[in-house]
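*Asks:* Attaching a single structure in structure tokens format; questions to follow.
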Amino acid sequence: MTLTSAGFFGSSLVSVTAAVSQVAGGAVSDVLAKKGLHRRLLMQAVLILCSAPMLVIFVVTKNRIAIMLALVLYSAFRNAGDLNIVPLLCDLAGKNRMSMAIGVTNMLNTVAGGAGILATGFLKSSVGLATLFASVAGILLIDALLLFCRLFLVHPEGLGQGSGVVMKRLKPVDVVVAGAGWTGLAMAKELVTRTAMSVLVLERGRAQEASGYSETMDELDYAVRLRTMQNISEETVTHRHSSRDRAAPIRQYGSFLPGAGVGGSGEHWSGMCFRYPPDLFSLATALRQRSKPRICLRISPFEIGPSHMTSLNLIIGEPSR
């Protein structure tokens, strides 16, 4: 077989194997990822580990069939394993640093590939291709070992979670409050001040600095585009007018404006919660105790909002003296 025919046959064999393995490996990777993001990493580590011995075959035998089989298996293992790199980067780096992570990875791959070709050209005549193939196999083994260390040593509990993300284990606490809104923060404050329990508040939104309210906020971004509100195109709640209606998702902002960030809805309430005037508590007591002597409740329009101004003097029965 001439050098030209060998190159054409080898390249065609590798290309066809790579195309098939990428499609099949992608389907397998997506199935595994449903049980946990860490399983993509496990798949990549196993396939890299399996590809390393294929390069050793180039060293130990000259049999053409064995070499072609090793070439096919190496191409299949490497392509099926490496297709997990981009999904892992996208999931681990987050949407805000996704492009940067992919760009840095591509840059390092390009530099490493060029350096490898350059080193092969310089060392081929002195050490031989067999030694170079064995060296690449050793590098792949180290790569697989590092991935396994990441899975089992740095995060040993990850393989049993099936959570879709690699979680970070935090210090145990007595109480966990989900959501740093009006209710969540009030509950956490009362628990901390009234008991000896340790409390952790989880909030998926960002924390807004006090200086940001006066320096970086503009009317278009916050008042019109509602930046501090929950993005209802990604996650929303359902609503129905009666028990007979089918619940439908809310897809347009109205009077209901769920906040996103530390403070929740309180962030777009200017961080203020108006105190109920004593008259409202007296009204509630009177409504619950209809059988007792009737009282007169007088509500000031300066204390109650416009919706109450139609009844400035709310009288329940006869005024009590």
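*Asks:* Sort through GLY25, GLY36, GLY81 and tell me the only one that's buried (at least 17 other Cβ atoms within 10 Å of the Cβ), assigned to a loop (DSSP other than H, G, I, E, B) and in the same structural domain as THR105 (by TED's automatic domain parsing).
*Replies:* GLY36
*Asks:* Next up: Is it true that VAL176 is assigned to a strand (DSSP E or B) and farther than 24 Å from ASN96 by Cα?
*Replies:* The answer is yes for VAL176.
*Asks:* Consider VAL201 carefully, then state whether it is at pLDDT 75 or above and either part of a strand (DSSP E or B) or not assigned by TED's automatic domain parsing to the domain that holds THR183 (or both).
*Replies:* yes
The values are calculated or read from the model by the stated rules, or taken from the named source; none is laboratory data. Given the structure is predicted, the values throughout are model-derived calculations rather than measurements. Cβ: placed from backbone, ideal geometry, glycine included. Neighbour counts: every protein chain shown.
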